[in-house]
Amino acid sequence: MIQVVAEPAPIAIDLARTALVIIDMQRDFLEPGGFGEALGNDVGLLKAAVEPCRQVLAAARKAGMLVIHTREGHSPDMNDAPPVKVERGSPSKRIGDAGPMGRILIQGEPGHDIISALYPIAGEPVIDKPGKGAFYATNLGLILSNRGIENLLVCGVTTEVCVNTTVREGNDRGFRCIVLSDCCASYFPEFHKMGLAMIKAQGGIFGWVAGSKQLLAAMAKSA
Ligand code: TIU
C-alpha cells in the first residue's frame, strides 16, 4: 500500500490493484494540424502535461503496474461516428477530412497516433474509443475487472472533456479515481482548474486530485 497526499483527503492504494490510464495523448490533440487545432484551439496549451505524464509513466512501468492508453477516434468508414459529433460547430476541418496528419480523428492515420514521448510499449493495452468516456463502447471495464483493478490513476487530455467523462464513468462503476492534476491539461486553463475542482468537491464526489510529485514521492517511499 502507498499513501498519496491528495485532495480532498489522502488516499491509500495498493499498486497491484491500480492502473495508470493515460487518456488521448494523441497527435490530433497535441500537435498543430489535428483535431484540436481544427476546433480553433491553441494546442500548445496541452504541452505542459507531457513531461509529468512521462515521469509517471516511467514510474508505473518500473513498479510493474498495469498501464492503459486510450485514443479517441473513428473507423475509416466512420460508421461509429455519430452525425451529431461530425456535424457540430464550424471547425476548419471536420472529423474524417484530410489534414497534414492524415484524416482528422480517424484510426490508422498519423494524427490519431499517440505522441512519441508517451508511446505505448508491448503489453500495454491501447483502447480505441469513439466517445469522450473511455468506458463507453470499449472493453476497458472488462480489462480492469479481469486484472482485479480497483483504483485508477488518470492522466491525459482534456481535463474537462475526456478526462472528466472517464472519471465520472469510472466513479459510477466503483473505481477509486485519482486524477493527476499536472498530468492533465485543457485548451481552456479555467476549465482545467474547474474540471479538477468538480472532481474533488463535496468530499470527492467523483474522486481525488493529486500532483504527480505527490504520487511519485509516495511510490519512491514504498520502493
Ligand atoms: N480527448 C478529448 O478530450 N476530446 C476532445 O474533443 N476534447 C476537447 O477538449 N475538444
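Among the listed residues ARG61, ARG27, which satisfies the condition of being touching a strand residue (DSSP E or B) at 6+ places or on another chain (Cβ under 9 Å) and surrounded by fewer than 19 Cβ atoms within 10 Å (Cβ to Cβ)?
ARG61
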Task: Evaluation of THR138 against (1) open to solvent by less than 30 Å² (accessible area, probe 1.4 Å); (2) assigned to a loop (DSSP other than H, G, I, E, B); (3) β-branched (Val, Ile, Thr); (4) within 16 Å of the ligand (Cβ to nearest atom) (one fails), failing number - done: (1)
Open item on the list: Can you list residue pairs whose Cβ atoms sit under 6 Å apart, with the first residue in region 71-91 being of a type in the set (Ser, Thr, Tyr) and the second being at pLDDT 95 or above? Count only pairs 6 or more apart in sequence or on different chains.
Closed with: SER75/GLN107
- [ ] With the checklist (1) over 16 Å from the mean Cα position of the chain (by Cα); (2) within 16 Å of the ligand (Cβ to nearest atom); (3) at positive phi in hand, flag the one item GLU190 doesn't pass.
- [x] (3)
TODO: Of the numbered conditions (1) out of contact with any Leu (no Cβ under 9 Å at 6 or more places or on another chain); (2) surrounded by 13 or more Cβ atoms within 10 Å (Cβ to Cβ), ASP77 fails exactly one; give the number of that condition.
DONE: (2)
Task: Residues satisfying the stated conditions in region 143-185, i.e. closer than 18 Å to ALA59 by Cα, out of contact with any Gly (no Cβ under 8 Å at 6 or more places or on another chain) and of a type in the set (Gly, Ala, Ser) - done: GLY156
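The values are calculated or read from the model by the stated rules, or taken from the named source; none is laboratory data. What you are looking at is a predicted structure, and each value in this text was computed from that prediction instead of being measured. Methodologically, a virtual Cβ is constructed for each residue, glycine included, from the backbone with ideal geometry; neighbour enumeration extends over all protein chains shown. Each accessible area value is taken on the protein alone, full model and side chains, heavy atoms only, with ligands, DNA and RNA left out. Shrake-Rupley method; radii C 1.70, N 1.55, O 1.52, S 1.80 Å.
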